[in-house]
Amino acid sequence: MRSKFDEQLALLNQYMIEMGTLCETIIADANQALLENDEGLARKTMAADAEIDRKEREIESHCLRLLLQQQPVARDLRQISSALKMITDMERIGDQAADISEIITFGSIHEEDMVRPIDEMAKATMKMVIESIDAYVNQDAELAHKIIAYDDVVDELFNEMKRVLVERIATQCCDANAALDLLMIAKYFERIGDHATNIAEWVLFSITGSREGDD
Amino acid sequence: MDKDKLTINQLNLHYGDFHALKDISMHIPEKKVTAFIGPSGCGKSSFLKSLNRMNDLVETAKITGEVLLDGEDIYGKMDVNLLRKRVGMVFQKPNPFPMSIYDNIAYGPRTHGIRNKAKLDDIVEQALRNAAIWEETKDRLKRNALGLSGGQQQRLCIARAMAVEPEVLLMDEPTSSLDPISTAKIEDLVLELSSKYTIVIVTHNMQQAVRTSDLTAFFLLGEVIEMATTDQLFSMPKDQRTEDYITGRFG
């Protein structure tokens, strides 16, 4: 038996959960800063991205050490190689949440500019990120499939955002700067949804050995 | 589809009361490297030896089933000497004859009736070149082969096996007694030779199977549990016992 190796794989899962939680928190904080027009929280959120970058490097070196020392095959190799791919998408999620926060610090968006779909997009992407890590740790293919399908919800919310903003600009009922910044933010949330989808696809690979749509 | 070089149908091997190989059926494709893996005593070496009738030398061994070489049963009317010319073998420990490098290689061709000096010279050089040991030995062909290093001796044995122009090369843990550099040379050689020969290699080194083979068969307690392309077997094994063995969680 390889108890030391099993411990190291359990530690990898632990790290992945920690990084997933950091991603969930940074999305939640960016959303809260937006909803409450809280520039201070936005600046704090931008700084939190560095923590996600550190976690990525920690997991990366843990995985490389496991590849070197244990020469893993089969499900062990899939677990480690998937983790290496997933953290790249998680790191991008951190970047995009930081980008959202940066836009908030520009100060163009005020409470009266806020629109419903943004909050829903933030919550939907948080759900996707956290569930994809759950699916990874519990090797739950069914959940991974659900997450991939859920990206359509995020895409639809983004389209709704665009419709709302076009209407507002057309009727001149809001500041055009605010509308454009909101559109950028919505796009970042939509990209976060795409990264969460990538993560779920790598979860499927770690379970089944093939990626969604490989056939 | 690759052409089968060896086709094994329901092979059973008994050593006295011990049932060493149980109902093994397998296709070994031509000009590919097939690796056998499995824990010690699982029957992989016994199976390898059944492929050129080395078990004939074991008094208590009893074999049933078929081993077809290009469709012809090797346990039928085939001449054993001719079989072993066509199906050569390299063993775990290098076992050069206590004679010169040249005579080691020329031994096989001479027993098959080749006497012409120029022809033998040519065979010796070609075999040593094929085994990637010509440069190291060309200036000392008349020296005793036992003076070579372990890795060189093993490549000499591969050259010796190839001097009779076999079609299949059976290798029983050919690098288990060698250092990493010699091991890498033999592995490169296996990959090189696979364009001309059908190679079957038994190995305890799983990474070696991954590096060198096209197909891998996993043996356990005298049975073949799973056989698949090496990529498939080491990334997505179908049987839990294979998964447990290759990931080191066996037993």
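The values are calculated or read from the model by the stated rules, or taken from the named source; none is laboratory data. In this text the structure is predicted, and so the values were computed from the model without any measurement. FYI the Cβ positions are ideal-geometry reconstructions off the backbone, even for glycines, and counts take in every protein chain you see. Heavy atoms of the whole protein, side chains included, go into the accessibility calculation; ligands, DNA and RNA do not. Shrake-Rupley method; radii C 1.70, N 1.55, O 1.52, S 1.80 Å.
What the table shows:
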item	result
Options A:Ile93, A:Ile100, A:Ile104: the member that is aliphatic (A, V, I, L, M), more than 16 Å from the chain's Cα centre (by Cα) and modelled with pLDDT of 90 or more	A:Ile104
Filter result for B:Ser45 (of a type in the set (Gly, Ala, Ser) and at pLDDT 95 or above)	no
Sole exception among (1) open to solvent by 10 Å² or more (accessible area, probe 1.4 Å); (2) within 14 Å of chain B (Cβ to nearest Cβ) for A:Ile80, by number	(1)
Enumeration of residues in the range B:30-44 that are over 14 Å from B:Ile225 (Cα atoms) and open to solvent by 10 Å² or more (accessible area, probe 1.4 Å)	B:Glu30, B:Lys31, B:Lys32, B:Ser40, B:Gly41
Only listed residue being assigned to a helix (DSSP H, G or I), more than 17 Å from the chain's Cα centre (by Cα) and either surrounded by fewer than 15 Cβ atoms within 10 Å (Cβ to Cβ) or free of Cβ contacts under 8 Å to residues at least 12 places away in the same chain (or both), chosen from B:Ala118, B:Ala106	B:Ala118
Some residue of the range B:133-142 being buried (at least 19 other Cβ atoms within 10 Å of the Cβ) and polar (S, T, N, Q)	yes
Within the range B:137-151, tally of residues that are within 27 Å of B:Gly113 (Cα to Cα) and not in a strand (DSSP E or B)	9
Helices (runs of 4 or more DSSP H) wholly inside the range B:204-250 containing at least 1 residues that are under 21 Å from the mean Cα position of the chain (by Cα)	B:206-212, B:230-235
Pair list, Cβ under 8 Å, 6 or more apart: the range B:22-34 residue under 18 Å from B:Val202 (Cβ atoms), other residue of a type in the set (Lys, Arg) and open to solvent by less than 70 Å² (accessible area, probe 1.4 Å)	B:Ile28/B:Lys5; B:Pro29/B:Lys5
Search result, residues across the range B:85-94 that are open to solvent by 50 Å² or more (accessible area, probe 1.4 Å) and closer than 19 Å to B:Arg53 by Cα	B:Lys85, B:Phe91, B:Gln92
Residues of the range B:211-251 satisfying the condition of being hydrophobic (A, V, I, L, M, F, W, C), farther than 21 Å from B:Pro29 by Cβ, open to solvent by less than 30 Å² (accessible area, probe 1.4 Å) and more than 9 Å from chain A (Cβ to nearest Cβ)	B:Leu220
Residue pairs meeting the criteria (Cβ under 6 Å; at least 6 apart or on separate chains; first over 26 Å from A:Glu58 (Cβ atoms), in the range A:19-39; second assigned to a helix (DSSP H, G or I) and of a type in the set (D, E, K, R))	A:Asn37/A:Glu111
Options A:Glu160, A:Glu201: the member that is surrounded by 15 or more Cβ atoms within 10 Å (Cβ to Cβ), more than 14 Å from chain B (Cβ to nearest Cβ) and within 19 Å of A:Leu34 (Cα to Cα)	A:Glu160
Tally, over the range A:30-46, of residues that are open to solvent by less than 40 Å² (accessible area, probe 1.4 Å) and of a type outside the set (S, T, N, Q)	5
Residue that is crowded, with 20+ Cβ neighbours inside 10 Å and either in a strand (DSSP E or B) or among the small types (Gly, Ala, Ser) (or both), where the choices are B:Leu170, B:Leu156, B:Leu189	B:Leu170
Filter pass, B:Thr64 being touching a His at 6+ places or on another chain (Cβ under 6 Å) and assigned to a strand (DSSP E or B)	no
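Yes/no matrix, rows are residues, columns are (1) at pLDDT 95 or above; (2) outside any helix (DSSP H, G or I):
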{"site": "A:Ala33", "(1), (2)": "no, no"}
{"site": "A:Asn37", "(1), (2)": "no, yes"}
{"site": "A:Arg54", "(1), (2)": "yes, no"}
{"site": "A:Ala122", "(1), (2)": "no, no"}
